[in-house]
Each structure stands twice: as structure tokens, then as C-alpha cells.
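Structure, as C-alpha cells:
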Amino acid sequence: VEQQHAEAFRAWGVDVDVPSLEELVRRFRGQPQPVIDQLVAGLGNWDLDQKRPTEPDARLRKLLELANALDPDPSRVELRRLRAEGKPEQKREDLLKRADTLDPAKESVLTVVTLVDTLHQAAWPEAGFDAGLDRRAEQILRKALTERPGEVVLLAKLCQLLKRQQRLDEAAGFY
């Protein structure tokens, strides 16, 4: 998976291991906002696919710094910070408050996906599974999909969440 992410960015003409962070930010800042949002979402997926060491390696830190530099939304930056620290479950109550105040039908897809990814990561700490957080992530996705039933990113995220819960028959319905 790591190699697939790196190859996808290289196909864009960007080797995240070579240019400086400033150069990467400069290259992408000129893109339209929807392109930047997709880039930030892709960086978030790359972050989620990383094995979570106690201290993120230089590449992971660079990916997170790039996403944060390109994303003007401080709440999403904060959610990525929680994930990078590797212990979002310690902020369970804060995450649930965010989930309760979020209107997934009105928020951007990037905001919905960032919160869902953080809730999902918090639901699977080393100590065990927190079904309440994963259920809340699923509810957010389903509500967002009632307003945007054709949104491929949301459909894929719900399918991914259901597959991780071993609800394969239900997940197959979203392909």
C-alpha cells in the first residue's frame, strides 16, 4: 500500500521523498480547491495506511505537514494531529461532541471523511474495540449519503468501514 500511494503521487509528477515541503506546497497551491481537497484526502488515506509507530517517521511527518499546509480548516488539522499522535481514543468525548455537532449533509466531503477516519481509528485502539465510535462513524457516512447518494468517496469510505467490521455482504452492496 505504501508503494501504491508513492506511485500515485509520482504519477502526478511529485516524489514526496525528494522536494522540500515548501516546494510541494508551492506546487499544489496553484491548483483549484477541489484538486487540493482530493490531494489532502489522499494524504489522509496514506497516513491511515501507515503502520503506527510510537514516533512517526520523517516521511509520515512530511505527509501530515503537507496536508496541514494545504488544508485551511483548523478542525481537520486538529483531527489529523490526533491521528498522528496515535491515540485519538483518548479524546473520545471530544470526538463524539464533534460528531454530534457535525451536519454531514452540509459539511464538505473532506470534513466528513476526516472525522469518520478519526472516529474509526479511535474505535480500534490496542486495548480493544469501541463499537460506539465505529457506529457513530457509520451513522455520519449514511446521513451524508442521504444527501449525496452518488458521492463515490463517501460510498467507498462506508464500504471500507463495513469491510473492516467483517460485514462483507453489506459492504458489497456499495461497490
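For the chain, modelled as a GNM whose springs connect Cα atoms under 10 angstrom apart, the maximal fluctuation among TRP124, TRP46, TRP12 occurs at TRP12. Volume per residue for the stretch 95-175 equals 78 cubic angstrom (convex hull of Cα atoms).
Think of the chain as a dipole: +1 on every Lys or Arg Cβ, -1 on every Asp or Glu Cβ, centred on the Cα centre; then among GLY30, LEU161, ALA84, LEU161 lies furthest on the positive end.
Please give the calculated 222 nm ellipticity per residue for the chain, where each DSSP H segment of at least 4 residues contributes -39500 (n - 2.57) and the sum is spread over every residue; nearest 500 deg cm²/dmol? Could you put the intermediate results ahead of the total?
Values: 10 runs with 121 residues, N = 175.
So the helix-based figure for the chain works out to -21500 deg cm²/dmol.
For the peptides 108-114, 5-11, residues were scored by their other Cβ atoms within 10 Å and the scores averaged per peptide; the highest-first order is 108-114, 5-11. Taken over the stretch 21-175, the percentage of Cα pairs per 5 Å bin, counting from 0 up to the bin with the maximum distance, is 1, 9, 19, 21, 22, 15, 9, 3, 1. Charges were assigned to the Cβ only: +1 to each Lys and Arg, -1 to each Asp and Glu. The resulting dipole of the stretch 98-143 about its Cα centre is roughly 200 debye. Each Lys and Arg contributes +1 and each Asp and Glu -1, all at the Cβ; summed about the Cα centre of the stretch 27-159, the dipole is approximately 200 debye. Full extension of the chain segment joining ASP169 with GLU151 gains 4.4 nm, where the gain is 0.36 nm per residue of separation less the Cα-Cα distance. Protection proxy ranking for 71-79, 137-145, using the average of other Cβ atoms within 10 Å per residue and placing the highest first: 137-145, 71-79. Rolling a 1.4 Å probe over the protein heavy atoms gives the stretch 20-151 an accessible area of 51 Å² per residue. Treating r as the C-beta distance of VAL77 and ASP100 and R0 as 30 Å, the FRET efficiency rounds to 0.90.
The values are calculated or read from the model by the stated rules, or taken from the named source; none is laboratory data. Predicted model only: the values in this text are computed from it and were never measured. Every residue, glycine as well, gets a Cβ built from its backbone with ideal geometry; the counts of neighbours run over all protein chains shown. The area values use the complete protein model at the heavy-atom level, side chains included, leaving out ligands, DNA and RNA. Shrake-Rupley method; radii C 1.70, N 1.55, O 1.52, S 1.80 Å.
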